[in-house]
Amino acid sequence: MKGLSVSKIVTALMLAGLALLPLYSYLSGNIFILTLFTRIVILALAAASLNLIMGFGGMMSFGHAAYLGIGGYAVGMLAQEGVGSGWIQFPVALAASATYALVIGALSLRTRGVYFIMITLAFAQMAYYVASGLARYGGDDGLTVYKRSDFSGLINLGNRTQFYYLCLACLFGVIFLIWRIVNSRFGLVVQGLRSNEQRMQAIGFPAKRYQLVCFVISGTMCGLAGALLANNTDFVSPAVMYWTRSGDLMVMVILGGMGTLFGPVMGAVVYLLLEEVLSQITEYWALIMGPLLLLIVLFGRGGIMGLLGRVGRG
Amino acid sequence: MAEPLLRVEKLVRRFGGITATDNVSLDVAAGELHAIIGPNGAGKTTLISQLTGHLAPHAGSVSLGGRDITYLPAYRRCALGLARSFQITSLLLDFTAADNVALAAQAHAGTSFRFFANARKEKGLRDAAHAALDRVGLAHRADVLVSKLSHGERRQVELAVALASKPKILLLDEPMAGLGVTESQGMVKLLQELRKEVSIVLVEHDMPAVFALADRISVLVYGRVIASGDPDAIRANEDVKRAYLGDQHVVTHHG
């Protein structure tokens, strides 16, 4: 063990901050911050799932927001049809995301590099237009979720604090799973494929099978984020699947540090907080955000985690 | 004569108008070290790639232990006991030497669809990796990232990776390429050891090494086998001398 490094300390502080946030919100009476951070935690979960295929697996998916929509629509559509139970909504959301990932993955993984980016983007845009066409479920205008998922009294999603902790538990759970996966036999194969596919074939691994399974795991995790997001906003619309959303997720991952466990969480926190703060200062906040991101990507190879690692080494 | 371990029959591969592999037939017996030599551009790597399944032939067949493997994908051939090293070192650079070798062992030790247990703590895989690294004399560098290893050390890792899959036959594509004199001598020594355990197909430019090691040599020129036989026969062969006009002294004076 190398002991305490700067990146470990910063990560620990960030996690402690996330865990104690409801306390701060309660003491200061600032309810808005809890709402904001619930959104941050959910999108951090989505970014973490994208990092599994992008950072560890080397598969640059530009259509990850599709799962946010699929998970969200699963919750919204079931609620609209009178199925309010979270015990049904969430499994359906995960199963739908997994199925979509299986089909999209099987088709997309026949391509490599920039073609893979384009085809995942194209499929996500297809999902976007399909959702826009769902007249029964609000079409373009989206679908209001009048009642949050009901977990038979076990946990009340209507309660801000409880809901926040549910999201945080999901985030930590997913990161724990990713940690186990990347160090498992399966994870080593997937990372080996990122590093050198030809070599992996030569020592006896059929590449696509492993990549596809990884793709499905990642999509399912993101579907969970989608189901939570619909509950958070009480609303789901095609806009959550729009390609700029997928881009946001990619930026979070790259900003925080690809292929690191907590990088995507860091990226999501920094990106969304910056967006929040800058948009209060000026409506042209994107003009400041853009160059800022450019600087980090240009000079901070490995994202924030990479920067912190270098600071730690002096 | 018993069924050869590896049999190549009338293999043909074209690239546009060029026939890179032109009706090549070869046999490699069990326990044999069969060297393939030839001038640059003779189609040696093209031939190896068809043996390993990275390139599909247009005609002909390849069989391993009597089983037709002509159209099997690379990973299936590997499972049947055919391992290769690459001419240009092709390793997982961001993995340690031990990880590289352990992955090869993992490919041959049960399913890799295990998602939870830490693979770096699997004793069987780690032991196999260290044994293979030890075999090539690199045990002391096991935990170094491959990107930090020297060229010679990487060649040794290549070999360890191939060994870790417990192959029946080893296809070595220029294992000496880019090695210094002492490193080359070390590699020759190592191959002399390994040949006791496994059949080897050796593609190599280093003539002294080839003539010191090979049981049989096949000479490839413009995609065609122009001669095949033991080192003495090849050394005396007129066609070979002509093909190697520039390098003639190499063929005749070493070994």
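Within segment B:20-38, restricting attention to residues that are touching a Gly at 6+ places or on another chain (Cβ under 7 Å) and not β-branched (Val, Ile, Thr), the residue that is farthest from B:Gly229 (Cα to Cα) is B:Ala20.
Select from segment A:190-209 the residues that are assigned to a helix (DSSP H, G or I) and facing chain B (nearest Cβ under 7 Å) and write down the one among them that is surrounded by the most Cβ atoms within 10 Å (Cβ to Cβ). Ranking the candidates gives A:Ala202 first. The set of residues in segment A:255-272 being closer than 21 Å to A:Lys8 by Cβ, part of a helix (DSSP H, G or I) and hydrophobic (A, V, I, L, M, F, W, C) consists of A:Leu255, A:Val265, A:Met266, A:Ala268, A:Val269, A:Val270.
Under the condition of being among the aromatic types (Phe, Trp, Tyr) and buried (at least 22 other Cβ atoms within 10 Å of the Cβ), the residues counted in segment B:205-240 number 0. Based on what the data block shows, is B:Ser90 closer than 22 Å to A:Arg194 by Cα, at pLDDT 90 or above and within 11 Å of another protein chain (Cβ to nearest Cβ)? Considered against the rule, which asks whether it is closer than 22 Å to A:Arg194 by Cα, at pLDDT 90 or above and within 11 Å of another protein chain (Cβ to nearest Cβ), B:Ser90 comes out as no.
Considering segment B:132-165, the residues that are assigned to a loop (DSSP other than H, G, I, E, B) and either in the same structural domain as B:Glu204 (by TED's automatic domain parsing) or polar (S, T, N, Q) (or both) include one that is modelled with the highest pLDDT, namely B:Ser150. You will find that of B:Phe113, B:Phe95, the residue that is within 13 Å of chain A (Cβ to nearest Cβ) and exposed (fewer than 15 other Cβ atoms within 10 Å of the Cβ) is B:Phe113 and no other. For segment A:172-189, check the following and say yes or no: at least one residue is closer than 28 Å to B:Ala107 by Cβ, part of a helix (DSSP H, G or I) and either away from chain B (no Cβ under 13 Å) or of a type in the set (Gly, Ala, Ser) (or both). The answer is yes, given that some residue of segment A:172-189 is closer than 28 Å to B:Ala107 by Cβ, part of a helix (DSSP H, G or I) and either away from chain B (no Cβ under 13 Å) or of a type in the set (Gly, Ala, Ser) (or both).
I'm trying to understand the selection: among the residues of segment B:15-29, which are touching a strand residue (DSSP E or B) at 6+ places or on another chain (Cβ under 8 Å) and of a type in the set (Gly, Ala, Ser)? Correct list: B:Ala20, B:Ser25, B:Ala29.
So, in segment B:47-61, how many residues would count as being farther than 28 Å from B:Leu149 by Cα and either surrounded by fewer than 23 Cβ atoms within 10 Å (Cβ to Cβ) or of a type in the set (Asp, Glu) (or both)?
8
The set of residues in segment A:231-240 being under 20 Å from A:Val41 (Cβ atoms) and either of a type in the set (Lys, Arg) or in contact with a helix residue (DSSP H, G or I) (Cβ under 7 Å, 6 or more places away or on another chain) (or both) consists of A:Asn231, A:Asn232, A:Val236, A:Val240.
The values are calculated or read from the model by the stated rules, or taken from the named source; none is laboratory data. Quick caveat, the model's predicted, so the values are computed rather than measured. Methodologically, a virtual Cβ is constructed for each residue, glycine included, from the backbone with ideal geometry; neighbour enumeration extends over all protein chains shown.
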